[in-house]
Structure formats: C-alpha cells, structure tokens
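**Q** Let me begin by handing over the structure; questions about it come next.
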C-alpha cells in the first residue's frame with residue numbers, strides 16, 4: 001500500500017491522571033505538554049487526516065458519520081452515526 005500524500009496529524013487535547021490538561025506554548029510557538037514525575041496516566045487525543053481513496057479503505061469518517069464503502073465501486077453501502085464524546 002503506497003499513499004500519495006503524507007497524512008497530517010493534529011493533536012486535539014490531552015489528559016493527565018484523567019484530568020484535562022491544556023498545552024502550553026514554547027518561545028518558538030510550539031505546543032508542549034508538561035508532565036510531572038510520578039504521573040501514572042497520560043492520554044493524548046489526535047486525528048490523522050488522509051484523503052487518499054485507496055482500494056482497501058472500507059470506512060470513512062466525516063461530520064459525525066462513519067461511511068461503509070464498497071471497495072470495488074467506491075459507492076457508500078451504509079452510513080452509521082458515530083458516537084462523539
């Protein structure tokens with residue numbers, strides 16, 4: 001499988017020890033997450049954005065819906081409303 005484009009990755013939010021933790025900004029403008037020693041749990045939510053339509057991709061997500069696509073015809077077979085937290 002060879003992708004035509006390198007997908008973009010976007011960090012959405014983070015939790016430290018099950019509490020939302022905002023990112024801080026470095027002097028150069030980069031986001032950073034500061035985690036203290038002894039931290040037991042870090043969760044990072046992210047999204048990978050890839051618009052390639054490869055023949056073996058069967059599911060696509062957009063606007064709160066998951067689409068099942070026929071790999072041969074590329075037609076949508078079913079639409080499932082996704083659970084958004």
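**Q** Could you sort 33-46, 13-26 so that the peptide with the highest average Cβ count within 10 Å comes first and the rest follow in order?
**A** Listed from highest to lowest mean packing, they are 13-26, 33-46.
**Q** Which whole number in µm²/s is D for the stretch 7-50 by Stokes-Einstein, with the Kirkwood Rh taken over Cα pairs at 10 °C and 1.306 mPa s?
**A** This corresponds to a translational diffusion coefficient of 137 µm²/s.
Just so you know, all these numbers are worked out from the coordinates, no wet-lab data involved. Predicted, not measured: the structure shown is a model, and the values here were computed from it. Every residue, glycine as well, gets a Cβ built from its backbone with ideal geometry; the counts of neighbours run over all protein chains shown.
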